[in-house]
Amino acid sequence: MGIRAVVRNAVRPAYLPVMTHKVWLRMTVGHERERVAATKWASERAESVDEWGSLIDATLWRESVQFAGSLSESAQPQVRRLAAAGVDLGGPGGVELLYFLTRALRPIVAVETGVAAGWSTSAILAAMRANEAGHLYSSDFPFFRLPDPERYIGCVVPEDLKDSWTLLIKGDRRNLEEILPPGRQVGLFHYDSDKTRDGREFFLRRSRSHLAENHVIVMDDIQDNLVFREYAEAQPLFRVFAYMGKYIGMTGPGLMTMEKKGPVE
């Protein structure tokens, strides 16, 4: 099924350039030494996201954890259907953190790269609904090893949350041109797409002029290379969280604002 799906998707003009770029990166860029260094750096700085969230706002963190549990439960029928079809889009990652940040920062605009099944998407959209404000723009590219891959993107996102959601699926380089027109400021960025150095560096360059004054950037799987370290160490404050055997990085002036407020019970 995988090879046939790749061939079918490769002949689609909209997909071929992105597929070719992804394959080229994986064939030509080997960073095992960098990955070891990045993992060591992250592990030495990692803290518990549960302890951090509880310290910042215990009540809101409990709400965030409860949301993550309810989403996991409500999405089980879809998860079982994916498993029965042999489709692995990955599980929920940092759901409670993204819900918590969206509720606390109250961004008017949020952007995520990498949707897959839509766990993080659901968290941000649900928090925006609770805030009664905000719009999420999501960038993704279909899993080209699957037949008809578009149908799986965001498959766990509840229908009643989609009014505040714009999804583009042509790959980050093309999607971000539409998502980030001149003048648009983004309060929350969640990066979870191309994990290569090239992909992360492109994202940081492209988003630079669109960072709202009180923004936060969240980057998943920072153990894959040193890009987050290089960026974060030039910022006044950053955090690293251990999560399900991997590491999530977070930085931005919004983080400083949250921590300066002090603990909220």
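Yes or no, residue by residue, for (1) within 21 Å of LEU97 (Cα to Cα); (2) under 15 Å from the mean Cα position of the chain (by Cα):
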residue	(1), (2)
LYS162	yes, no
GLY199	no, yes
ILE217	yes, yes
GLU233	no, no
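Of the residues contained in the stretch 116-131, none is found to be surrounded by fewer than 20 Cβ atoms within 10 Å (Cβ to Cβ), in contact with a strand residue (DSSP E or B) (Cβ under 9 Å, 6 or more places away or on another chain) and under 17 Å from ILE217 (Cα atoms).
Here's the yes/no breakdown for (1) free of Cβ contacts under 8 Å to residues at least 60 places away in the same chain; (2) closer than 30 Å to ARG33 by Cα:
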site: LYS170; (1), (2): no, no
site: GLY183; (1), (2): yes, no
site: VAL186; (1), (2): no, no
site: ARG200; (1), (2): yes, yes
site: VAL216; (1), (2): no, yes
site: MET219; (1), (2): yes, yes
site: PHE238; (1), (2): yes, yes
site: PRO253; (1), (2): yes, no
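When the stretch 224-236 is examined, which residues are found to be charged (D, E, K, R) and without any contact (Cβ under 8 Å) to a residue 24 or more places away in the chain? Give the steps one after another, and end with the answer.
Of the stretch 224-236, the ones charged (D, E, K, R) are 224, 229-230, 233.
Within the stretch 224-236, GLU230, GLU233 meet the criteria.
Taking every residue in the stretch 75-96 that is closer than 25 Å to ALA58 by Cα and pairing it with any residue that is part of a loop (DSSP other than H, G, I, E, B), at least 6 positions away or on another chain, the pairs with Cβ-Cβ distances below 7 Å are GLY93/MET244. Total residues in the stretch 109-156 satisfying the condition of being touching a His at 6+ places or on another chain (Cβ under 7 Å) and of a type in the set (Ser, Thr, Tyr): the figure is 1. The one condition from (1) more than 29 Å from ALA127 (Cα to Cα); (2) at pLDDT 95 or above that VAL23 does not meet is (2).
Is there a residue in the stretch 158-167 that is among the polar types (S, T, N, Q), touching a strand residue (DSSP E or B) at 6+ places or on another chain (Cβ under 7 Å) and surrounded by 19 or more Cβ atoms within 10 Å (Cβ to Cβ)? No, the stretch 158-167 has no match at all. VAL216 satisfies every condition listed in (1) surrounded by fewer than 22 Cβ atoms within 10 Å (Cβ to Cβ); (2) modelled with pLDDT of 95 or more except (1).
Within the stretch 103-115, is even one residue without any contact (Cβ under 8 Å) to a residue 40 or more places away in the chain and under 20 Å from ILE248 (Cβ atoms)?
There is no residue in the stretch 103-115 that is without any contact (Cβ under 8 Å) to a residue 40 or more places away in the chain and under 20 Å from ILE248 (Cβ atoms).
Summed over the stretch 215-265, residues that are at positive phi and out of contact with any strand residue (DSSP E or B) (no Cβ under 8 Å at 6 or more places or on another chain) total 3.
Being aliphatic (A, V, I, L, M) and at pLDDT below 95 is a description that applies to MET244. If you go through the stretch 220-253 and pick out every residue that is of a type in the set (S, T, N, Q) and part of a helix (DSSP H, G or I), you end up with 1.
Of all residues in the stretch 149-166, those that are farther than 24 Å from ASN131 by Cβ have Cβ atoms under 9 Å from Cβ atoms of residues that are of a type in the set (Asp, Glu), 6 or more apart or on another chain, in ILE153/ASP140.
The values are calculated or read from the model by the stated rules, or taken from the named source; none is laboratory data. This is a predicted model, so every value here is computed, not measured. Here the Cβ is made from the backbone with ideal geometry for all residues, glycine too, and neighbour counts use every protein chain on show.
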